[in-house]
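Let me begin by presenting the structure, written as structure tokens, before commenting on it.
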Amino acid sequence: MVAFDAGETLAERFRSHMGDATTLYGYAMRGMADDWEAGGVTREICAEWESSPTGTMIQLRYLAGIFRIVLRGEAPELAAFYPCLHGSAPGPAPAERVWPVMREVAAAHVEELRQALHVVPQTNEPGRAAVLLIGLFEAVRRHGIRRIRLWEIGASAGLNLYADRFRYVGPGWEWGPDGSPLVLSTDAPMVRVEDVEIVQRRGCDLDPIDPTTGEGADRLRSFVWPWHVSRHDRLSAALAVARAERAAGRAAVVDRAGAGEWLERHVAAVSVAGAGADVLTVVWQSITRMYWPPDEGKRVDAAIAAARARFPLAHVTMEHPDEVVDGRVVHAREAQLAVDGDPLGWVHPHGIPVWL
Ligand SMILES: C[S@@+](CC[C@H](N)C(=O)[O-])C[C@H]1O[C@@H](n2cnc3c(N)ncnc32)[C@H](O)[C@@H]1O
């Protein structure tokens, strides 16, 4: 995998992430690097992390901590630089002027930002629901079963467990409830839609986030680039769906557990007599495998094989496959949708617009 924070010192690591990029965080990371070298507030905040391993992504944790202060409305002068918070106002403040304003905010929140460096970057991309849904339709066709027990491993906040509560619009097809707060416009042509009824929605994550609390929502938002306005819009709409489902007593459950152990436990707990053959268990996952320890995938595969021997199950994956570059195994840049291991196509890592 590409290391986004290579270098000897934190300053070098901050500079290496975005190079000369003219994005908000490009300017911010270079400002943080200069500030670290000058012994400024960045040095004070990041003091414990100077020997942290490459890949810790201190710069993302720092910027997410600042973003959460902005999201709470405590730094209006800095909020002016965040395109996702701009609404219909004319353009955001120019990114190249951000660092002095950001530094003032950092200086006023040193202790909070020291704590923020412990928060591991974590997102939940509702755009991926469009890809997973196409896999679900394929699974339904293969098994001829429409009642779905939906299980998601590496679910983060579980937003994609509400996939049937979102509306999808593509060339020549539409699916999902009218009036959903989240409408996903895809370029996926000629999708053969299926009727499905989700009878259970449950998942696991090593660190589940409750999307219905302000804190959980801000944590998710804070790790999405502030200039990716449509991703922020999708996330806000999916959060509204999650809040509505919770209010209606239908919140999806995301347990704190590793994927393999959770799946073993849940497969063992399925009573085939009770569930009957008219329920299809769909285990789905998106962009989580690359974070798993080496044995996790083997445990997941073994649990799935054990389940298939007892009840109908389909496995829908949207992951970066491994590929060999210069003799090294790396994750492919783009993601692939597969059902039961059969690739259906390459997809955008954020899900939308779907096919590449
Ligand atoms: C990039 S996020 C993707 C979240 C969600 N699937 C999505 O597509 O929006 C990766 C998620 O995998 C979770 N994760 C990493 N290792 C895991 C493991 N061994 N078991 C379960 N979840 C894991 C992380 O906590 C994180 O929420």
With a cut-off of at least 1 residues that are among the small types (Gly, Ala, Ser) and at negative phi, name the helices (runs of 4 or more DSSP H) lying wholly within the stretch 1-113. 10-18, 24-37, 58-71, 76-79, 98-107
Exactly one of Ile134, Ile153, Ile145 is under 24 Å from His320 (Cβ atoms) and more than 16 Å from the chain's Cα centre (by Cα), and that residue is Ile134
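Yes or no, residue by residue, for (1) touching a strand residue (DSSP E or B) at 6+ places or on another chain (Cβ under 6 Å); (2) closer than 24 Å to His320 by Cβ; (3) assigned by TED's automatic domain parsing to the domain that holds Pro343; (4) without any contact (Cβ under 8 Å) to a residue 60 or more places away in the chain:
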position	(1), (2), (3), (4)
Ser222	no, yes, yes, no
Thr281	yes, no, yes, no
Trp284	yes, yes, yes, no
Arg299	no, yes, yes, yes
Considering the stretch 153-182 alone, what residues qualify as being among the basic types (Lys, Arg) and assigned to a loop (DSSP other than H, G, I, E, B)? none
Within the stretch 39-56, identify whether any single residue is under 26 Å from the mean Cα position of the chain (by Cα), more than 14 Å from Val110 (Cα to Cα) and either of a type in the set (Gly, Ala, Ser) or surrounded by 22 or more Cβ atoms within 10 Å (Cβ to Cβ) (or both), and answer yes or no. yes
The lone exception for Arg243 - which of (1) free of Cβ contacts under 8 Å to residues at least 60 places away in the same chain; (2) not in a helix (DSSP H, G or I) it fails: (2)
Considering only the stretch 158-194, state which residues are on the phi > 0 side of the Ramachandran plot and surrounded by fewer than 17 Cβ atoms within 10 Å (Cβ to Cβ). Gly172, Gly179, Met190
Checking the condition small (Gly, Ala, Ser), touching a Gly at 6+ places or on another chain (Cβ under 9 Å) and either over 30 Å from Leu63 (Cα atoms) or within 16 Å of the ligand (Cβ to nearest atom) (or both), which residue from Ala106, Ala130 passes? Ala130
Here are Ala251, Ala307, Ala335: which of them is buried (at least 17 other Cβ atoms within 10 Å of the Cβ) and in contact with a Leu (Cβ under 6 Å, 6 or more places away or on another chain)? Ala307
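Residues checked against (1) more than 16 Å from the ligand (Cβ to nearest atom); (2) in a helix (DSSP H, G or I); (3) not assigned by TED's automatic domain parsing to the domain that holds Asp187:
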residue	(1), (2), (3)
Thr123	no, no, yes
Ile134	no, yes, no
Glu138	yes, yes, no
Trp151	no, no, no
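Can you pull out the strands (runs of 3 or more DSSP E) entirely within the stretch 253-338 that have at least 1 residues that are more than 10 Å from the ligand (Cβ to nearest atom) and within 18 Å of Val199 (Cα to Cα)?
Strands (runs of 3 or more DSSP E) meeting the threshold: 253-256, 279-286, 313-319.
The values are calculated or read from the model by the stated rules, or taken from the named source; none is laboratory data. Fair warning: this is a prediction, and the values are worked out from it, not measured in the lab. Note: ideal-geometry Cβ built from the backbone for every residue, glycine included; neighbour counts use all protein chains shown.
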